[in-house]
Amino acid sequence: MTEKVVIIGSGPAGLTAAIYAARAGLEPLMIEGMERGGQLMITTDVENYPGFPDGIMGPELMEQIRKQAERFGTRIISSNVTKVDFSERPFTINVGSDEYRGEAVIISTGASARWLGVPGEDTLRGFGVSACATCDGFFFRDKELVVVGGGDSAMEEALFLTKFASKVTVVHRRDSFRASTIMAERVLDHPKIEVIWNSAVEEIVGDGVVTGVVLRDTVTDETTPLATDGVFVAIGHTPNTPVFQGHLDLDDAGYILTQPGTTLTSVEGVFAAGDVTDKIYRQAVTAAGMGCQAALDAERFLDHIG
């Protein structure tokens, strides 16, 4: 059986695409992956998603959107895609030994934040450990925070957090930033920001919530404690695109390239939405908007090919 639309990935982008595709009568099949729901599944309070004035827990929001997609007829498979073939249509998508075919494909596999991999990070994630200042900065009003990283994303996170925090300490393992000159200068000149050079976070400390970090000097190897109310890890994201390498045009960082202003990829009939193609905004609401775009683009494509 050939599906009209196969959606790969189940975050805000994929589920919104499913809602629109299902309501358009395209009977979408979603292969949601084993880690369904995307990054919001590891987010506690979400206060910036429209329609929830009192906020909502990330997993609860994703469950509601999932039910909405299923209500309109989306069929969902909880497995990971292991192989694709976009060389001819209908396209082939493999989940282990099972094969699915689709006239159109929407990819919304997202991106994964890179983490430090240090003790305390996993257990305190969502309780003072975050990888998104825009998502969580509001909860740290008048607190002292640590930002880990030295690229533009770390600079942006640190500067954004100064709107809420009483103090922001940037911890960088080298003696100079990798960030662009203008971003680095803004951080270095900001009165609320202090930089600790040649240091790496060895451990995140806290009993239920973050209370501090242990820093290791990358030159002397000495360790010192630093009290803090929160740790923002800003060492980049990795798009979840290994399975698509060689099948679609990707940029140097592995994000799927789309035609400007659309969700069209380098293969006609294959569309991409959300963090898998967006390395600038990376918000649930922008991902949902792109999911809507992808479904509309897929619908127009299917109408065009008859």
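The values are calculated or read from the model by the stated rules, or taken from the named source; none is laboratory data. Quick caveat, the model's predicted, so the values are computed rather than measured. Here the Cβ positions follow ideal geometry from the backbone for every residue, glycine too, while neighbour counts run over all protein chains shown.
Summary of values
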| quantity | calculated |
| --- | --- |
| The range 279-288 - residue that is over 9 Å from the mean Cα position of the chain (by Cα) and over 14 Å from residue 106 (Cβ atoms) and, of those, surrounded by the most Cβ atoms within 10 Å (Cβ to Cβ) | 286 |
| From the options 37, 51, 25, 9, residue that is in contact (Cβ under 8 Å) with a residue 60 or more places away in the chain and not acidic (Asp, Glu) | 9 |
| Pair list, Cβ < 8 Å and 6+ apart or interchain, from the range 197-225 residues that are without any contact (Cβ under 8 Å) to a residue 12 or more places away in the chain and of a type in the set (S, T, N, Q) to residues that are buried (at least 19 other Cβ atoms within 10 Å of the Cβ) and in a strand (DSSP E or B) | 224/215 |
| Qualifying residue in the range 143-165 (condition: of a type in the set (S, T, N, Q), closer than 14 Å to residue 194 by Cα, surrounded by fewer than 17 Cβ atoms within 10 Å (Cβ to Cβ) and outside the structural domain of residue 283 (by TED's automatic domain parsing)) | no |
| Qualifying residue in the range 278-289 (condition: acidic (Asp, Glu) and without any contact (Cβ under 8 Å) to a residue 12 or more places away in the chain) | no |
| Whichever residue in the range 82-111 is of a type in the set (A, V, I, L, M) and under 21 Å from the mean Cα position of the chain (by Cα) and, among such residues, is surrounded by the most Cβ atoms within 10 Å (Cβ to Cβ) | 106 |
| Condition met for residue 27 (out of contact with any Phe, Trp or Tyr (no Cβ under 8 Å at 6 or more places or on another chain), surrounded by 14 or more Cβ atoms within 10 Å (Cβ to Cβ) and not basic (Lys, Arg)) | yes |
| Given (1) within 24 Å of the chain's Cα centre (by Cα); (2) of a type in the set (Gly, Ala, Ser); (3) over 21 Å from residue 152 (Cβ atoms), number of the condition residue 179 does not satisfy | (3) |
| Complete set of residues in the range 3-20 that are of a type outside the set (A, V, I, L, M) and part of a helix (DSSP H, G or I) | 12, 14, 16, 20 |
| Leading residue by the ranking (nearest to residue 290 (Cα to Cα)) among those in the range 81-113 that are out of contact with any strand residue (DSSP E or B) (no Cβ under 7 Å at 6 or more places or on another chain) and outside any strand (DSSP E or B) | 110 |
| Selected residue [under 25 Å from residue 211 (Cα atoms), among the basic types (Lys, Arg) and either surrounded by fewer than 21 Cβ atoms within 10 Å (Cβ to Cβ) or in contact (Cβ under 8 Å) with a residue 60 or more places away in the chain (or both)] from 75, 114, 71 | 114 |
| Neighbours by Cβ (under 9 Å, 6+ apart or cross-chain): first from the range 126-143, without any contact (Cβ under 8 Å) to a residue 12 or more places away in the chain and more than 15 Å from residue 234 (Cα to Cα); second in a loop (DSSP other than H, G, I, E, B) and among the polar types (S, T, N, Q) | none |
| One residue from 170, 187 being among the hydrophobic types (A, V, I, L, M, F, W, C), in contact with a strand residue (DSSP E or B) (Cβ under 8 Å, 6 or more places away or on another chain) and in a strand (DSSP E or B) | 170 |
| The listed residue being farther than 25 Å from residue 279 by Cα and either of a type outside the set (Asp, Glu) or not assigned by TED's automatic domain parsing to the domain that holds residue 264 (or both), out of 112, 108, 130, 97 | 97 |
| Complete set of residues in the range 219-249 that are touching a Ser or Thr at 6+ places or on another chain (Cβ under 6 Å), assigned to a strand (DSSP E or B) and surrounded by 18 or more Cβ atoms within 10 Å (Cβ to Cβ) | 232, 248 |
| Residue under evaluation residue 271, criteria (1) under 18 Å from residue 106 (Cβ atoms); (2) assigned to a loop (DSSP other than H, G, I, E, B), criterion not met | (2) |
| Residue, farthest from residue 29 (Cα to Cα), within the range 48-75, restricted to residues that are under 21 Å from the mean Cα position of the chain (by Cα) and of a type in the set (Val, Ile, Thr) | 56 |
